[in-house]
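Visitor: So that we are looking at the same thing, I have put the structure below in C-alpha cells.
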Amino acid sequence: MRISTRILAAASVAAMSLFAGAAMADGEKYVIGTDSTYPPFEYVDASGQFLGFDMDIARALCAEMKADCTIVSSDWDGIIPALQAKKFDMIISSMSITPERSKLVDFTNKYYNTPPAIAVPKDSTITDVAGLKGKTIGAQTSTTHSNYAEKHLPDTELKLYPTADEYKLDIANGRVDAVIDDIVVLSQWVKSDAGACCKILTPLPVDKEINGVGAGIAVRKGDDALREKLNTAIAAIRTSGEYKKIQDKYFDFNVYGE
C-alpha cells in the first residue's frame, strides 16, 4: 500500500478513461483519481483501459452506488493536493490509512490490508533483514515503504524512485541490492518474466504508525456523505460476494485481512 507523507508537488492529472456504474438512479457522478503505475492494483493496458484489483473494486462500488464514475490518472506525489483542489472526488489507489495523512483527507473503512516486504536478487548473499546493513535499498518516493525503510532500516542507503517500475529496473540491472514495497506487488512481480531476477527475502512486521490499518478510499475533509456512501458500498460488495469474486481474480489468499 502507498501513501505520501511528504506532499511535494501539485498534481498533474490527465483523464484517461471512463466507466459507468449500473443504472444511474440518482444521477450521481464521481471522478476517481489513481496513480496507474502500481500493478496488480492499478495499471493501464495498451488500449488505455484501467485494470487491476483497485480498479475492479472501484467499478463494483460505483455499480453498487448506482453512480457514473470517471477515472483519471495522477502522479503519486501530487495525488492528495489534486483531491483537495477538487480535480477528483476520491482516491482509489492503494492508499494506506494512517494518522498523519488523516490530517489531510478523510478515509473510508479499509478495503484491503497487506504487509510490506523486501525483495532481493535471486543470487543475493543477503539471507535476512540484518544482512541489509550497508546495502542500497530501493523504494518508491513518498510512500509508506520509503518511510518504513527510513525508520526501521537506518543502516541502509535508501534510493528513491518516482515509480515502482524504476526501482524494479534498477534491481534487475544490479544498481540496488534490495527493494521494499507491498508484499502483493513484489510477489506478483517476482512471479512474472520481468521479475525473474529476484525473490522475496521476507515480509516485514507492520508498523501501524507508518503502514496504518489498511488501504482506504480518500475523500476531501468533511465529505461525510460520500465517505458513508462508500462505506455502505464496501460492506455491500463484501456481503454479496462481489468482493470475493474480484479478490479471487487476483489473489489466492484473503487480501482483506483480519
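Visitor: Using unit Cβ charges (K, R positive; D, E negative) and no other charged atoms, how large, in debye to the nearest 20, is the dipole of the chain about its Cα centre?
Guide: 200
Visitor: Using a 1.4 angstrom probe, figure out how much accessible area the chain has per residue, in square angstrom, rounded to the nearest whole.
Guide: On a per-residue basis, 43 Å².
Visitor: Suppose we keep just the DSSP beta bridges with both residues in the range 117-258; what percent of those would be antiparallel, to 5?
Guide: So the antiparallel bridges amount to about 55 percent of the total.
Visitor: Here's something else I'd like to know. Among (1) 17.9, 59; (2) 18.3, 55; (3) 17.6, 51, which is the computed Rg and Dmax of the Cα atoms in Å?
Guide: Correct label is (1).
Visitor: Using the Karplus equation 6.51 cos²θ - 1.76 cosθ + 1.60 (θ = phi - 60°), what ³J(HN,Hα) coupling, rounded to whole Hz, does each residue of the range 241-246 give in order, writing x for Gly and Pro?
Guide: 3J(HN,Hα) across the range 241-246, in whole Hz: x, 5, 4, 5, 4, 5.
Visitor: Then there is this: Short version: ³J(HN,Hα) in whole Hz for each residue of the range 46-51, in order, from phi by Karplus 6.51 cos²θ - 1.76 cosθ + 1.60 (θ = phi - 60°), x for Gly and Pro, what are they?
Guide: In residue order, the calculated couplings are 4, 8, x, 7, 6, 10 Hz.
Visitor: Oh, and also: Could you work out the relative contact order of the chain, using alpha carbon pairs under 8 angstrom and six or more residues apart, expressed as a whole percent?
Guide: 26 percent.
Visitor: Let me ask something else. What are the ³J(HN,Hα) values, in whole Hz, obtained from phi via the Karplus relation 6.51 cos²θ - 1.76 cosθ + 1.60 with θ = phi - 60°, for each residue of the range 84-94 in sequence order, with x given for Gly and Pro?
Guide: 3J(HN,Hα) across the range 84-94, in whole Hz: 5, 7, 6, 6, 8, 9, 7, 10, 10, 7, 6.
Visitor: Leaving out ligands, DNA and RNA, and with a 1.4 Å probe, what % of the accessible surface on the range 116-203 is carbon or sulfur?
Guide: 49
Visitor: Here's another thing I want to ask about it. Sum -39500 (n - 2.57) across every DSSP H segment of at least 4 residues in the chain, then divide by the residue count to get the 222 nm mean residue ellipticity, nearest 500.
Guide: -8000 deg cm²/dmol
Visitor: Just list whichever of LYS103/LYS135; LYS86/LYS151; LYS191/LYS249; LYS86/LYS245; LYS168/LYS244; LYS86/LYS159 have alpha carbons separated by over 25 Å in the model shown.
Guide: Among LYS103/LYS135; LYS86/LYS151; LYS191/LYS249; LYS86/LYS245; LYS168/LYS244; LYS86/LYS159, the Cα-Cα distance tops 25 Å for LYS103/LYS135; LYS86/LYS151; LYS86/LYS245; LYS168/LYS244; LYS86/LYS159.
Visitor: Search the structure for amide H atoms under 5 Å from the amide H of SER74, placed 1.01 Å from N in the peptide plane, and list their residues when 5 or more places away or on another chain.
Guide: Amide H neighbours of SER74, under 5 Å, 5+ apart: THR34, ASP35, SER36.
The values are calculated or read from the model by the stated rules, or taken from the named source; none is laboratory data. The shown structure was predicted, so the numbers you read here are calculated from the model rather than taken from an experiment. Positions of Cβ are generated from backbone atoms using ideal geometry, with glycine treated the same way; all protein chains shown enter the neighbour counts. The accessibility values were calculated without ligands, DNA or RNA, using every heavy atom of the protein model including side chains. Shrake-Rupley method; radii C 1.70, N 1.55, O 1.52, S 1.80 Å.
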